[in-house]
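Asks: Pasting a structure below so you can have a look.
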């Protein structure tokens with residue numbers, strides 16, 4: 001990223017004073033961030049620090065009780081998850097959420113559901129209209145399969161795949177929705193070093209090929225410092241540091257949080 005790029009980029013996602021609580025537990029406390037178009041923004045912190053809660057607020061699963069969230073200048077904090085997805089935001093999950101008993105290809109095709117427009121006319125004239133739409137969806141799925149090098153397992157059941165490949169299939173399903181903004185919730189969780197290196201490569205390839213902006217939640221600090229343009233560190237639902245990766249993780253509050261000098265890990 002050149003210096004000029006960082007000056008001219010506009011924010012694609014803005015969170016302003018976002019707060020969310022569950023009963024007496026405040027999971028996020030007045031968190032603000034701005035993610036620029038085309039960057040990889042890291043979100044890190046100890047377990048229970050509020051990372052996934054913030055992502056769930058952005059994607060509509062648990063809307064914030066306070067604060068504002070804008071995507072491409074439009075408020076989305078009160079939208080249902082399917083409406084957020086329709087705006088161009090896709091995500092993967094911390095725990096693999098594939099459909100068991102289905103093939104790799106069928107799982108990836110499910111990422112197209114938000115773009116499908118079934119109608120009575122299309123059903124009536126299937127071979128003329130609906131089949132044409134289905135072919136277009138399959139063509140896009142095949143492009144993503146090629147991008148993430150899943151050709152050799154495209155017809156395999158996801159049940160028999162190792163974790164690294166399952167995570168890649170989940171990434172492929174998210175990409176198949178043609179998002180402009182991609183949220184990756186711990187995509188390297190449970191992976192060995194070789195699988196991590198593959199996943200990093202595919203994330204960078206996808207960003208370059210598809211022009212994505214990415215919010216990355218990850219515990220592996222070597223990954224975060226290697227590929228993120230900027231990051232924010234949370235602890236106990238609050239921002240404790242932000243900025244360039246190496247600078248942020250060396251903040252005293254961050255060091256203290258990661259060596260256990262926190263009040264608790266919610």
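Asks: Report the residue, chosen from 209, 174, 90, that carries the largest GNM mean-square fluctuation when the chain is represented by alpha-carbon nodes joined by springs under 10 Å.
Replies: 209
Asks: Just how far, in whole angstrom, is segment 186-250 from segment 8-48 if you go by their alpha carbon centroids?
Replies: Here the two parts' Cα centres lie 14 Å apart.
Asks: Quick one: if the Förster radius is 45 Å, what FRET efficiency do residue 25 and residue 226 give, using the C-beta to C-beta distance and rounding to 0.05?
Replies: On the way: r = 33 Å, r/R0 = 0.74.
It comes out at approximately 0.85.
Asks: For the pair residue 238/residue 99, report the inter-label distance in nm, with labels modelled 7 Å from Cα in the Cβ direction.
Replies: Taking the two extended label points, one gets 4.5 nm.
Asks: If you count the DSSP beta bridges with both ends in the chain, what percent of them are antiparallel, to the nearest 5? Don't skip to the end; give the middle numbers.
Replies: On the way: 21 of 37 bridges.
Here the share of antiparallel DSSP bridges comes out near 55 percent.
Asks: Now for a separate question. Apply 1/(1 + (r/R0)^6) to the Cβ-Cβ distance of residue 32 and residue 78, taking R0 = 22 Å, and write down the FRET efficiency to the nearest 0.05. Don't skip to the answer; put the middle values down first.
Replies: Details: r = 18 Å, r/R0 = 0.82.
Given R0 = 22 Å and the Cβ-Cβ separation, E is 0.75.
Asks: Under a crude label model (7 Å from the Cα following the beta-carbon direction), how far is residue 65 from residue 10 in nanometres?
Replies: Label at residue 65, label at residue 10, 3.5 nm between them.
Asks: Between 75, 187, 179, find the one with the highest GNM mean-square fluctuation for the chain; connect C-alpha pairs within less than 10 Å.
Replies: 75
Asks: Follow-up. Testing the spin-label approximation: label points 7 Å from Cα along Cα→Cβ at residue 152 and residue 192. State their distance in nm.
Replies: About 1.5 nm separates the two model spin labels.
Asks: Using only helices, what value at 222 nm comes out for the chain when you add -39,500 (n - 2.57) per DSSP H run of length 4 or more and divide by the total residues, to the nearest 500 deg cm²/dmol?
Replies: Working: 11 runs with 98 residues, N = 266.
The per-residue figure over the chain is -10500 deg cm²/dmol.
Asks: Can you tell me how segment 10-60 classifies by the Cα gyration tensor, rounded, prolate or oblate, using a/c under 1.5 as the rounded cut? Intermediate results must be reported in sequence, preceding the final value.
Replies: Details: a/c = 2.48, a/b = 1.75, b/c = 1.42.
The shape class here is prolate.
Asks: Residues of segment 77-111 with the amide nitrogen closer than 20 Å to a label point 7 Å from the Cα of residue 159, along Cα-to-Cβ, please.
Replies: Counting only backbone N, you get 96-110.
Asks: Please build a GNM for the chain, connecting alpha carbons under 10 Å apart, and tell me which residue among 166, 77, 193 fluctuates the most.
Replies: Largest GNM mean-square fluctuation: 193.
Every number here is computed from the coordinates shown, using simple stated rules; none is lab data. Just so we're clear, the structure is a prediction, and the values are computed from it rather than from any experiment. Don't worry about glycine lacking a Cβ; one is built from the backbone with ideal geometry, like all the others, and counts go over all protein chains shown.
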